[in-house]
Amino acid sequence: MYNYNEFDKAFLDERVEQFSAQVARRIDGSLTEDEFRPLRLMNGLYLQLHAYMLRVAIPYGSLDAAKMRQLAYIAERFDKGYGHFTTRQNIQYNWPKLPDVPAILRALADVGMHAIQTSGNTIRNVTSDHFAGAAADELLDPRPFAELIRQWSTDHPEFQFLPRKFKVAITGSPNDRAVVKAHDIGLRMVEKDGEVGFEVIVGGGLGRTPIVGKVIRDFLPQEDLLPYLESVVSVYNLLGRRDNKYKARIKITVMENGLDTYRELVEQEFIGRRALFNGVDQALLDEIHARFRRPDLAQGRSVEAFDQAYGADPVFRSWADTNLAAHKQGDHAIVTVSIKAHGETPGDASAEQMRVLADLAEEFGYDELRISHEQNVILPHIHKADLPAVHARLAAVGLATANVGLISDIIACPGMDYCALATARSIPIAQQIAERFDELKLEHEVGPLKLKISGCINACGHHHVGHIGILGLDRAGVENYQITLGGDGTETAAIGERTGPGFPADEIVSAVERLVKAYLEHRSSVEETFLETYRRLGMAPFKEALYGEVKERHAA
Amino acid sequence: MSRRFTPKVVTANHLLEGDAVWLTSDNAWTRTMSEAQFLDDEDLANERLAYALTQEADVVSPYLADAQLGENGPEPTHFRETFRTRGPSNYAHGKQVEVA
């Protein structure tokens, strides 16, 4: 966990004061809405369907118990007792009232948190691997670099009015858990001649034009990170289109100009930028490393308690099999706490649940918590002997669902239940699918399956990279759901392919069930995953399951 | 000769609370859509919207939404506007519990 310094604190205090005055001036009429809107968006405050929504940044998804407790306090004091974890590792409050927002930002700043650059055409919250610093497969912890990027991009004077929003993701593992290929810039650590550097991926993105990012630099030395990033963003700032919002993202800039041209421009820019940086960024990085608190992992403790519970308790065993991941130190485990209880809203945690998570982090987890882009909460360092106790405490507050990576571990955007941009609802569809598969008792047999739902073409629910993706649309005044198959958000990234015509709300759950049953029927063995079966057989058997043989020929 | 005008109501979000409100015939903002002024004349609808746009001290981003006349007054015709009259479907929050 990174500890902020005095400079960070003073900066946050100043921003809270500024925004408090801006809110007061909007309320007393000195600011018009046109004047106020960009100011509130700079502070993460949206106006949605039923209320304001405040999007709070959780930089690279890392937080500690004190921060989590403050999030719980805000949920109770200023909202309706819960918060919504998003697909960009942020948390959103769905019901703040405008006069309360300054107090909320004050409460956040008290624990070093904020909502800066969670909106607007700026560099947004940097996302990272939620297993960072704990994963067995990691080359280097990406979080100090993420923090360096956060400090560099916060209030960066050159990049406050980019053509469009700009998202950076970074992973330190060859297994990409941060969807880096679907970001404006993706950074993946790679090793070359014994040195660890970055593969730089550019121009990825979802939304109405989904594109898998392309490698613009196959190996960037660590020390060149900031000057190179600044060169990429600077070229985009000048070259990116401002005439058409839908063509303004860097993915379109790269596509229209060609990757080679874009790369040449960046390399030209890089020469001057690197000289300007003059090592100041490396001094900053050293300071960040020094301020990063790392767990002093327990050594030599017995894991017998884990083995006993695993052998004796089938409920614990099922949870351990799905929700634990390999830690770099063998006697510890990474716990993914599912915020996807069957029938509940994906990513919503109550204040009570947040407090239990904070307690567990403090008592058993070296005071570390992570939020994943899959809308779950991670306890990254739990000694295996403590897992039975952690499981029991989670179960007591409805957080022990054993479904991580399974079909009911659904990513869903808020959709038209909250979002002003949405064209259809996402949440009820997610709830119904999870409940259906819980009733069928099928999901463990089905195995790894990523189902992702977006309530509009902007694709906050990452449907394009879901093994099964669902996109909610408004078709002549009725909610309609299109299905895509074969999407993949990992290092083997792929954009899902549309199956054909969409389904109305009351048919989509059965359609998904037919898809999954077709997979079970066609898989070559129980080891072959849904995605592998799709890749082997293609669309045909799934299309038939969805539309039937005859109808398929007539499908538009 | 001109296309038939689809009746409207003027709606917006409340500045402080952020929730959906509708313009009444006596220039007030109501949280119950059926109390809104039903606008079946295009010129009148535009005139009422023009008025709403001057009410920045109370509301944000007013617009004309399609409506039909029901038993108790104006009703939504599109599901998005229906959701605005009641709130989200995953919790009993918003107007479905707050407005009697």
Closer than 23 Å to A:Arg124 by Cβ, aliphatic (A, V, I, L, M) and without any contact (Cβ under 8 Å) to a residue 60 or more places away in the chain: does that describe A:Val233?
no
Could you name every one of the helices (runs of 4 or more DSSP H) located completely within the stretch A:296-385 that has at least 1 residues being over 20 Å from A:Ser408 (Cβ atoms)?
A:304-312, A:351-364
Cβ pairs under 7 Å, 6+ apart, first in the stretch A:249-264 and assigned by TED's automatic domain parsing to the domain that holds A:Lys167, second part of a helix (DSSP H, G or I) and surrounded by fewer than 20 Cβ atoms within 10 Å (Cβ to Cβ):
A:Thr253/A:Leu239; A:Asn257/A:Leu239
Answer yes or no: is there a residue in the stretch A:281-291 that is assigned by TED's automatic domain parsing to the domain that holds A:Glu147 and under 30 Å from A:Ile457 (Cα atoms).
no
The stretch B:7-24, residues that are outside any strand (DSSP E or B), within 12 Å of another protein chain (Cβ to nearest Cβ) and on the phi < 0 side of the Ramachandran plot
B:Leu15, B:Leu16, B:Glu17, B:Asp19
Can you tell me which residue in the stretch B:57-98 is farthest from the other protein chains (Cβ to nearest Cβ), limited to those that are assigned to a loop (DSSP other than H, G, I, E, B) and polar (S, T, N, Q)?
B:Asn72
Those residues of the stretch A:399-428 which are under 30 Å from B:Tyr63 (Cα atoms), crowded, with 24+ Cβ neighbours inside 10 Å and not charged (D, E, K, R), in sequence order:
A:Ala412, A:Cys413, A:Pro414, A:Gly415, A:Met416, A:Tyr418, A:Ala422, A:Ala424, A:Ser426, A:Ile427
Evaluate the stretch B:40-56: report whether one residue or more is within 14 Å of another protein chain (Cβ to nearest Cβ), closer than 23 Å to A:Leu54 by Cβ and free of Cβ contacts under 8 Å to residues at least 60 places away in the same chain.
yes
Just checking, does the stretch A:402-409 include any residue being outside the structural domain of A:Asp331 (by TED's automatic domain parsing), among the small types (Gly, Ala, Ser) and under 13 Å from A:Asp348 (Cβ atoms)?
no
Among (1) aromatic (Phe, Trp, Tyr); (2) modelled with pLDDT of 95 or more; (3) buried (at least 21 other Cβ atoms within 10 Å of the Cβ); (4) out of contact with any Leu (no Cβ under 8 Å at 6 or more places or on another chain), there is one condition A:Phe78 misses while meeting the rest; what is its number?
(3)
From A:Asn175, A:Asn125, which residue is assigned by TED's automatic domain parsing to the domain that holds A:Tyr262, polar (S, T, N, Q) and within 18 Å of the chain's Cα centre (by Cα)?
A:Asn175
Hey, can you tell me all the residues within the stretch A:288-334 that are among the small types (Gly, Ala, Ser), surrounded by fewer than 14 Cβ atoms within 10 Å (Cβ to Cβ) and closer than 13 Å to A:Ala385 by Cα?
A:Gly300, A:Ser302, A:Gly330
Against the conditions (1) touching a strand residue (DSSP E or B) at 6+ places or on another chain (Cβ under 7 Å); (2) within 14 Å of chain B (Cβ to nearest Cβ); (3) of a type outside the set (Ser, Thr, Tyr), where does A:Ile411 fall short? Just the number, please.
(2)
Given (1) of a type in the set (S, T, N, Q); (2) within 11 Å of another protein chain (Cβ to nearest Cβ); (3) touching a residue at least 60 places away in the same chain (Cβ under 8 Å), index of the condition B:Thr32 fails
(2)
Elements of type helices (runs of 4 or more DSSP H) contained in the stretch A:437-556, each with 1 or more residues being surrounded by 15 or more Cβ atoms within 10 Å (Cβ to Cβ) and within 14 Å of another protein chain (Cβ to nearest Cβ)
A:505-522
For A:Leu139, which of the numbered conditions (1) assigned to a loop (DSSP other than H, G, I, E, B); (2) buried (at least 20 other Cβ atoms within 10 Å of the Cβ); (3) at pLDDT 95 or above; (4) away from chain B (no Cβ under 14 Å) fails to hold?
(2)
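The values are calculated or read from the model by the stated rules, or taken from the named source; none is laboratory data. Predicted model, so just to flag it, every value in this text is computed and none were measured. FYI the Cβ positions are ideal-geometry reconstructions off the backbone, even for glycines, and counts take in every protein chain you see.
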